[in-house]
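The values are calculated or read from the model by the stated rules, or taken from the named source; none is laboratory data. As the structure is a computational prediction, the values presented were derived from the model and not from experiment. Glycine gets a Cβ as well: all are built from the backbone with ideal geometry, and neighbour counts include every protein chain shown.
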Amino acid sequence: MAERKASPTSHSYYSQRLKLHYLDWGNEDAPPLLLVHGNRDHCHNWDWVAQEMRDQYHIVAPDFRGHGDSEWVFGSGYSHSEYVYDLAQLIHQRGLAPLHVVAHSLGGGVALRYAGVYPEHIKKMVVIEGWGGPPAMYNREATHVRMRNWIEQTRKVAGRLPKRYASLEEAYERMQEANKHLRADQARHLTIHGSNQNEDGTYSWKFDNYTHVMSPFDMTMDQSRELWARIEAPILLISGSESWHGQGQREDPATFFPNARHVQVENAGHWVHHDRLDRFLELVRDFFAE
């Protein structure tokens, strides 16, 4: 493990008139590596990974719209297509392609779609439990039923106030409750960077409540797999043995990609990069070195 600690710099870029945030860990002469977080997470989820890989790569870690320190969307929802556009804009504006990508959950699904659209931009990709998709991909309901459900869900979220915690300690306890694998220092770090203090002194998470509502219409699973089939770059798919993500999954996800393999990490849940950091880094470094 590296002993010297580095601090990233915060930057902004624009996508569909939204001001979005990302961290840059320096070392711009090195090969670019994009770290993409999951739903209702933020760019600081990658701080431990970035600390260990910053000397070999130029690491950039964005906050999706509605997450972390990026702006929230007004007058529109959150969909995978917009997230893909945000990634495309960051990569385009910063001139990062071709590049390596490590992505988690929602970020994995978004990054895989980007890679299917621009396969020439990807050198290698690591995806942690991100080859599923939003519910709309599996939805067989009639169109009017799906639209009605989406309207009602959105209306409920509109009346839902952000959860308030009396203290940072209370928010930290909620963070630990959500992932039992987290060390105390990890949970505190994620809580500090993932919350804001309200005017009354309470604390709330930074993500927009509207991220709970996905678009009623999205790519189907067949359409997503059509994009995946275009990715010629090597892909490493990683899952946790104790995660809910793979429960009931019988087929090997690697079979849907031209050049992929799947590794399951023992004693890890959905956040493999938190739960088994050393093992995760070993897998990524070995894969990138092949």
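Annotation: of all residues in region 153-171 being of a type in the set (A, V, I, L, M) and assigned to a loop (DSSP other than H, G, I, E, B), the one that is modelled with the lowest pLDDT is 161.
Do we find that residue 214 is farther than 15 Å from residue 129 by Cα, surrounded by fewer than 17 Cβ atoms within 10 Å (Cβ to Cβ) and of a type in the set (A, V, I, L, M, F, W, C) in this structure?
On the way: farther than 15 Å from residue 129 by Cα: yes; surrounded by fewer than 17 Cβ atoms within 10 Å (Cβ to Cβ): no; of a type in the set (A, V, I, L, M, F, W, C): yes.
Spelling it out, it is not the case that residue 214 is farther than 15 Å from residue 129 by Cα, surrounded by fewer than 17 Cβ atoms within 10 Å (Cβ to Cβ) and of a type in the set (A, V, I, L, M, F, W, C).
Where the second residue is surrounded by fewer than 23 Cβ atoms within 10 Å (Cβ to Cβ) and the first is of a type in the set (Asp, Glu) and lies in region 254-280, which pairs have Cβ atoms under 6 Å and are six or more apart or on separate chains? Once the first residue is of a type in the set (Asp, Glu) and sits in region 254-280, its partners that are surrounded by fewer than 23 Cβ atoms within 10 Å (Cβ to Cβ) give 266/241; 275/181; 275/269. Could you list all residues from region 190-201 that are surrounded by 18 or more Cβ atoms within 10 Å (Cβ to Cβ) and either more than 16 Å from residue 67 (Cα to Cα) or of a type in the set (A, V, I, L, M, F, W, C) (or both)? Residue satisfying the conditions is 190 alone.
For region 1-110, which strands (runs of 3 or more DSSP E) that fit wholly inside it have 2 or more residues that are of a type in the set (Val, Ile, Thr) and crowded, with 23+ Cβ neighbours inside 10 Å? Talk me through it step by step, then tell me what you get.
Numbers: elements: 9-15, 18-24, 32-36, 58-62, 99-104.
Result: 58-62, 99-104.
Pairs meeting the criteria (first residue in region 178-201 and more than 18 Å from residue 49 (Cβ to Cβ), second residue in a loop (DSSP other than H, G, I, E, B), beta carbons under 7 Å, at least 6 apart or on different chains) are 195/206; 196/206; 198/164.
Tallying residues that are in contact with an Asp or Glu (Cβ under 6 Å, 6 or more places away or on another chain) and at positive phi within region 26-68 yields 1. Return yes when residue 174 is more than 28 Å from residue 79 (Cα to Cα) and assigned to a helix (DSSP H, G or I) and no when it is not. No, not satisfied. The condition (being surrounded by 14 or more Cβ atoms within 10 Å (Cβ to Cβ) and either among the aliphatic types (A, V, I, L, M) or closer than 24 Å to residue 45 by Cα (or both)) is satisfied by just one residue among 182, 161: 182.
Does any residue of region 81-95 turn out to be more than 27 Å from residue 116 (Cβ to Cβ) and basic (Lys, Arg)? Give the steps one after another, and end with the answer.
Restricting attention to region 81-95, the residues satisfying the condition of being more than 27 Å from residue 116 (Cβ to Cβ) are none.
Checked against the condition, which is being more than 27 Å from residue 116 (Cβ to Cβ) and basic (Lys, Arg), region 81-95 yields no hits at all.
Only one entry in 206, 180, 123 is modelled with pLDDT of 95 or more and farther than 24 Å from residue 65 by Cβ, namely 123. Residues in region 1-12 that are in contact (Cβ under 8 Å) with a residue 40 or more places away in the chain and in contact with a Phe, Trp or Tyr (Cβ under 7 Å, 6 or more places away or on another chain): 6, 8. The set of residues in region 111-152 that are in a helix (DSSP H, G or I), in contact (Cβ under 8 Å) with a residue 60 or more places away in the chain, touching a strand residue (DSSP E or B) at 6+ places or on another chain (Cβ under 8 Å) and of a type outside the set (A, V, I, L, M) contains only 135. State whether one or more residues within region 125-146 are among the hydrophobic types (A, V, I, L, M, F, W, C) and exposed (fewer than 14 other Cβ atoms within 10 Å of the Cβ). Scanning region 125-146 turns up at least one residue that is among the hydrophobic types (A, V, I, L, M, F, W, C) and exposed (fewer than 14 other Cβ atoms within 10 Å of the Cβ).
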